[in-house]
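Reading through the structure tokens given below for one structure.
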Amino acid sequence: MGQRRRGREYALQLLFQMDLSGGSPEDQFQDFWEGLEVPGSVREFAEKLVRGTWNESDSLDEEIGRAAVNWRMDRMATVDRNVLRMATWEMLFDRDTPAAVIIDEAIEIARKFGSEDSGGFINGILDSIKDRKLPGGV
């Protein structure tokens, strides 16, 4: 597994934890990383994703809400909601990775940590956001 994938998986776990327990990223990082042997680049990428997602959560939820027809954010599975937030942040704000790669990664992570239906759900919403917000799909 690549380092960026590992970073995304750790970021999802942190976002999931924050979604359930509250608190800021800084409140969570020390306890989360304690006892884990993680390369610095993976940790830095995960923390970047978490901070970015956290800081833009309101605008991310609005974008996801527009794309998720007949789905309210609070009714989505916690894993799906946080995969969507993280991937949407990365597509719209971090532009280091092509949107197609971000979507593929999000689908795989959702399949690993979510339900049987998570991959298709995530794909549909992220494709809609990409088409609406990134002309030409870049």
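Values in this text are rule-based calculations from the coordinates and carry no lab data. Please read these numbers as outputs of a predicted model, since none were measured by experiment. Because the Cβ atoms are built from the backbone with ideal geometry, glycine has one as well, and the counts that use them run over all protein chains shown.
The table for this structure:
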{"read-out": "Checking residue 35 against (1) touching a Lys or Arg at 6+ places or on another chain (Cβ under 7 Å); (2) more than 21 Å from residue 109 (Cα to Cα), the condition it does not meet", "value": "(1)"}
{"read-out": "Check on residue 72, over 18 Å from residue 127 (Cβ atoms) and of a type in the set (Lys, Arg)", "value": "yes"}
{"read-out": "Failed condition for residue 26, given (1) under 26 Å from residue 124 (Cα atoms); (2) more than 12 Å from the chain's Cα centre (by Cα)", "value": "(1)"}
{"read-out": "Flag if residue 63 is loosely packed, with under 14 Cβ neighbours inside 10 Å, touching a helix residue (DSSP H, G or I) at 6+ places or on another chain (Cβ under 9 Å) and either among the β-branched types (Val, Ile, Thr) or part of a helix (DSSP H, G or I) (or both)", "value": "no"}
{"read-out": "Flag for residue 79 being touching a residue at least 60 places away in the same chain (Cβ under 8 Å) and more than 21 Å from residue 131 (Cβ to Cβ)", "value": "yes"}
{"read-out": "Number of positions in the range 1-29 that are free of Cβ contacts under 8 Å to residues at least 12 places away in the same chain, in a helix (DSSP H, G or I) and of a type in the set (A, V, I, L, M)", "value": "0"}
{"read-out": "Residue among 87, 110, 77, 100 that is surrounded by fewer than 15 Cβ atoms within 10 Å (Cβ to Cβ) and under 22 Å from residue 46 (Cβ atoms)", "value": "100"}
{"read-out": "Condition check for residue 51: farther than 20 Å from residue 129 by Cα and part of a helix (DSSP H, G or I)", "value": "yes"}
